[in-house]
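S.K.: Have a look at the structure that comes next, please.
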């Protein structure tokens, strides 16, 4: 499968995780842009209409400055007609994330950390094979 035209934004405040996810997804042919700050990621998406090119956002939930859920909310507010898929990968799924019902339905997939690379790849493949994925 050719994933060269599929652009994924990765956001996690842990640089080791960013590197691991980035390398495993690049090996499957995805184009990856990664940030260790959700604020910088949002600025990037808003700059030069990069949001319209993004196919999937994979983000951590708990981060300094802004949560992954807040990042997704801001992306959806900026481009409400977008078909951008969203995935949160978090160690706090049961503790915090599922308690916030206000926006949880706008997240396409939630994975609990620690996640192995095969699980990540399978979930990304499932999302990228969706008919409305760019």
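S.K.: Using the Kirkwood formula on the Cα atoms of the range 7-128, what hydrodynamic radius do you get, in angstrom to one decimal?
M.R.: Hydrodynamic radius (Kirkwood, Cα pairs) of the range 7-128 is 14.2 Å.
S.K.: Please rank 84, 58, 17, fewest neighbouring Cβ atoms within 10 Å first, as an exposure proxy.
M.R.: In increasing order of surrounding Cβ atoms, one gets 17, 84, 58.
S.K.: Let me ask something else about it. Over the range 7-128, what is the mean sequence separation of C-alpha contacts under 8 Å (at least six apart), divided by residue count, expressed as relative contact order in percent?
M.R.: Relative contact order comes out at 23 percent.
S.K.: Further question: Using a simple spin-label model with points 7 Å from Cα along the Cα→Cβ vector, what separation in nm is obtained for residue 93 and residue 129?
M.R.: According to this spin-label approximation, the distance is 2.0 nm.
Readers should treat all values here as calculations from the given coordinates under stated rules, not as data from a laboratory. All values derive from a computational prediction rather than experimental measurement. Backbone-built Cβ (ideal geometry, glycine too); neighbour counts: all protein chains shown.
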